[in-house]
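> First, the structure itself, so that you have it in front of you.
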Amino acid sequence: MPNLERLIERWRAGDEKAAEALYNIHQIKVYRLSFGLLGNKEDAEEAAQEALTYALLHIQDFDARRSKFTTWLHMITVSRCRDLFRKKRLPTLSFSAWFNRNRVPSPPEFSPEQRAMQSEKRDMIWEAVLELSPALREAIVLRHWGEHTYKEIADIVGCPLRTAQSRVRLAYQYLEKSLDKVAQERFAEEAI
């Protein structure tokens, strides 16, 4: 992978090949983040394109002393996703579609029944994630999909560090309660 700092400096100096390299390096991650937040291919493509275009056109605004480039880029991406979300007034996100599209195939030693059970568990988790508020959903996606630190999450979504930590903790608590409830309901159905 080319040196990111060098690419940024080359693009700031007007080297279009450096801009193309920056775009290509970050395109997939920005799209996946957008898809994780918006849950629909067309909207994710639009938000990712807007975020990358904005970042490249405003590369002079990036300050490596304040954040990593990816943190700055993901902050722009989250902002574009929020704008698109508000514009379309989407009630929920389809994480199941995102997860199913990007999941790793099960190892061959699992039986079809075991694979079906794993798939059902993943679907239950994503359905529970769908019920999270947008703020909690952003926090959990950034923490686990994006592998961001709490500090980076705070910078990306524009909240204090403790708020970012709290949102992730609340998302965990909500998911735990929601999944426990689903498990109890299924147990009761099987007992009948």
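Each reported figure results from applying straightforward, stated rules to the coordinates on display, with no laboratory input. Bear in mind that the values here come from a model prediction, so they are computed numbers and not experimental data. Cβ atoms come from the backbone with ideal geometry, glycine included; neighbour counts cover every protein chain shown.
> Please list 3J(HN,Hα) in residue order for region 125-142, calculated via the Karplus relation 6.51 cos²θ - 1.76 cosθ + 1.60 where θ = phi - 60°; whole Hz, with x for glycine and proline.
Result, ordered by residue: 5, 5, 5, 5, 4, 4, 7, 5, 5, x, 5, 5, 4, 4, 4, 6, 5, 5 Hz.
> Pop the C-beta distance of Glu120 and Gln184 into the FRET formula with R0 = 22 Å and round what comes out to the nearest 0.05.
0.90
> Let me ask something else about it. Residue by residue through region 60-77, what is 3J(HN,Hα) from phi via Karplus (6.51 cos²θ - 1.76 cosθ + 1.60, θ = phi - 60°)? Round to whole Hz and write x for glycine and proline.
5, 7, 6, 10, 5, 6, 8, 6, 6, 4, 5, 5, 4, 5, 5, 5, 4, 4
> Any idea how far apart Gln49 and Asp63 come out in nm if each label point goes 7 Å out from Cα toward Cβ?
3.2 nm
> Scattering from the C-alpha atoms of region 1-91 alone, worked out with Debye: what is log10 I(q)/I(0) at q = 0.21 1/Å?
With no solvent term, the Cα-only Debye profile gives -0.96.
> Over 30 Å between Cα atoms, which of Lys68/Lys177; Lys87/Lys181; Lys17/Lys151; Lys41/Lys121; Lys41/Lys68 qualify?
Flagged as over cut-off: Lys68/Lys177; Lys87/Lys181; Lys17/Lys151.
> Would you give the gap between the C-alpha center of region 119-191 and the C-alpha center of region 1-45, rounded to a whole Å?
Taking the Cα centre of each part, region 119-191 and region 1-45 sit 27 Å apart.
> Now for a different question. If contacts are Cα pairs under 8 angstrom and at least 6 residues apart, what is the relative contact order of region 110-192 in percent?
So the answer I get is 31 percent.
> Another question, if that's okay. Amide H neighbours of Gly146 under 5 Å, counting only residues 5+ apart in sequence or on other chains, H built in-plane at 1.01 Å?
Counting only residues 5 or more places away or on other chains, the set is empty.
> Right, next: So who's got an amide H within less than 5 Å of the one on Gly39, skipping anything under 5 residues away but keeping other chains? H placed 1.01 Å off N, in plane.
Those lying under 5 Å, H to H, from Gly39 are Ser94.
> Can you tell which of Trp11, Thr77, Thr53 lies farthest toward the positive end of the dipole of region 5-92, using +1 and -1 charges on the Cβ of basic and acidic side chains (Lys, Arg; Asp, Glu)?
Thr77
> So, in nm, how far is label Lys29 from label Leu4 when the simple model puts each one 7 Å beyond its Cα toward the Cβ?
Between Lys29 and Leu4, the simple spin-label model gives 0.5 nm.
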